[in-house]
Every structure is written in structure tokens, then in C-alpha cells.
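The structure under discussion appears below in the form of C-alpha cells.
The values are calculated or read from the model by the stated rules, or taken from the named source; none is laboratory data. Given the structure is predicted, the values throughout are model-derived calculations rather than measurements. Counting neighbours? That spans all protein chains shown, and the Cβs are built from the backbone with ideal geometry, glycine included.
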Amino acid sequence: MLGTKLNLFDAFKNETLNGCYNYIWLMPYRFNFDLTKVPRYFFKELARIAHQKQVHKKMGKTSKKLLDKFRLQEITGLNLSDALTLLEDFVDIQVRNMVFKEKFDKTRKRALLLPHCARKYMDNRCKASFDPEIPSYYCQHCSEDCLIHKATLLGEERNYDVYILPGGSCITKILQKGKYDGVIGVACGEEIKLGLKILEEFNVVGQAVPLIKNGCANTSFNLESLAKVL
Ligand code: SF4
């Protein structure tokens with residue numbers, strides 16, 4: 001594999017005994033990031049330029065200029081290569097959302113998939129119930145200031161079935177059980193790509209909201225961005 005340019009969608013897929021899939025990614029995120037201090041305008045500007053010029057895969061100097069303009073490396077501490085990868089993933093997600101928005105708006109039965117790592121607590125202080133069959137958590141609203149609590153309420157208000165997933169690999173079960181035609185996923189870029197690949201297999205339209213703070217716990221996403229795509 002050395003010297004081979006790998007696509008982010010490249011993965012080995014293995015079916016496990018419980019019907020879920022394990023994906024071994026060829027190009028995983030090897031870094032953590034925190035974009036919570038980057039102005040929202042940055043993401044809008046990024047998508048606008050990419051959509052307008054249709055060059056989001058090869059923005060080259062423009063990407064570098066945006067990184068500099070918004071001091072992205074300084075704020076996040078990422079090296080240039082990781083910052084550019086992150087930028088490309090963000091643009092990819094924004095552009096895909098735009099392209100499939102009209103189709104998504106016509107869907108009727110929808111699910112909202114939230115990441116369990118954005119719960120306020122990752123231990124037994126979180127009172128969410130858990131269904132090992134899917135597997136998914138279901139928020140029991142123990143903390144008003146929990147991001148997952150707020151996102152769950154938002155989703156349920158708009159008639160979404162809400163799942164809080166420990167990983168993206170069991171989306172297959174959700175789609176088989178729920179017969180959804182529209183799905184919104186909140187996750188890191190890696191999981192979003194995995195999810196979109198599964199949605200394509202089921203011919204389900206997707207929208208995505210990327211995490212703005214990555215990691216194994218205390219991750220974060222923008223609630224306003226979610227409200228806009230719901
Ligand atoms: S509000 Fe919900 S997701 Fe958040 S910690 Fe409580 S039960 Fe868990």
C-alpha cells in the first residue's frame with residue numbers, strides 16, 4: 001500500500017455474527033481536533049467557495065489561504081497536512097448536503113443518529129437506556145445542559161426517531177428495522193463516510209453534521225447546524 005493514494009471511502013468490510021459490520025479503515029483520523037473556537041462563518045465560506053467553483057477536492061492554494069485567514073492551524077494545533085484533510089472532509093460533507101438537500105426534504109420517515117461520545121457523561125451518571133440489539137442508547141434527559149439531551153428533543157419535536165450510537169457500523173440494522181427513507185447523522189468525518197456508504201447501499205438519502213470537537217469523549221457539534229438540516 002505504500003505510495004498508493006487511498007480514497008477516504010476505502011475500507012475492508014467484514015460481517016460479524018450479530019449482523020453488524022466491522023470496517024477497517026485504510027485512512028483513519030489519526031488526530032484529535034477542536035474547532036469550537038473557529039467562527040461559523042468559516043464553514044459557510046468554505047462551502048460557498050467549493051460549491052461555486054466545484055473544486056472542493058483540489059482547492060490547493062485556496063485551502064491554504066483559508067487556513068491562514070482563519071488561523072486554523074494556530075487555533076487547533078493541527079499540522080498542515082491534517083488541517084487540509086480536515087478541511088477537505090468538511091467541504092465534502094457540506095457539498096454533499098447541498099446536493100442531496102432537495103431530495104432529503106421529500107423524505108417522509110426519518111431517523112436522527114447521534115454520537116454517544118457527545119453525552120455529558122460517559123459513565124453510569126448518564127441515565128440513558130441501552131438496547132443491545134441495535135445497539136443504541138436512548139436519552140432519559142437527566143441533564144438539561146447535555147448536548148445529546150438537546151439534540152434528542154430537537155429531533156423528536158420534528159418527528160425523527162432518535163438513536164444514540166456507539167459507532168456507525170450498526171446503521172445497517174437501524175435501516176433494516178426502521179425502513180427509513182431519510183437519515184441525518186452527526187459524527188466525525190470518518191464515521192460520516194462509513195454511514196453514507198451504508199445509506200447508499202439501502203438507497204436512503206442522507207444529510208450529515210460533522211463534529212466540531214473530535215475525540216473519544218466530550219465531543220461536540222453545533223446544535224444550530226443540526227437544527228438547519230432537520
Ligand atoms: S441527558 Fe441523556 S444522554 Fe445526556 S447524560 Fe443524561 S441520559 Fe445521558
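Any residue in region 130-148 that's farther than 26 Å from Ala227 by Cβ: show its pairings with residues that are away from the ligand (no atom under 12 Å from the Cβ) at Cβ separation under 7 Å, as long as the two are six or more apart or on different chains.
Listed pairs, sorted by first residue: Pro135/Pro166; Pro135/Cys170.
How about region 211-230: which of its residues are among the polar types (S, T, N, Q) and under 13 Å from Phe43 (Cβ atoms)?
Asn222, Ser225
Quick test for you: out of Thr62, Thr85, Thr4, pick the one residue that is modelled with pLDDT under 80, under 21 Å from the mean Cα position of the chain (by Cα), polar (S, T, N, Q) and not assigned by TED's automatic domain parsing to the domain that holds Gln207.
Answer to the selection: Thr85.
Keeping to region 122-146, report how many residues are outside any strand (DSSP E or B) and at pLDDT below 95.
Qualifying residue count for the region: 7.
Would you point out the residue of region 116-143, among those that are charged (D, E, K, R) and within 8 Å of the ligand (Cβ to nearest atom), that is nearest to Ile171 (Cα to Cα)?
Looking at the filtered set, the residue picked out is Arg119.
Note down all Cβ pairs under 6 Å where the first residue falls in region 86-106 and is closer than 13 Å to Ile192 by Cβ and among the β-branched types (Val, Ile, Thr), the second is modelled with pLDDT under 85 and not in a helix (DSSP H, G or I), and they're at least six residues apart or on different chains.
Filtered contacts from region 86-106: Val91/His56; Val95/His56.
With (1) more than 11 Å from the ligand (Cβ to nearest atom); (2) out of contact with any Gly (no Cβ under 6 Å at 6 or more places or on another chain) as the list, and Asp89 as the residue in question, which single condition is left unmet?
With respect to (1) more than 11 Å from the ligand (Cβ to nearest atom); (2) out of contact with any Gly (no Cβ under 6 Å at 6 or more places or on another chain), Asp89 is out only on (2).
Going residue by residue through region 77-98, is there one that turns out to be of a type outside the set (Asp, Glu), farther than 19 Å from Phe221 by Cα and assigned to a strand (DSSP E or B)?
No; the residues of region 77-98 include none that is of a type outside the set (Asp, Glu), farther than 19 Å from Phe221 by Cα and assigned to a strand (DSSP E or B).
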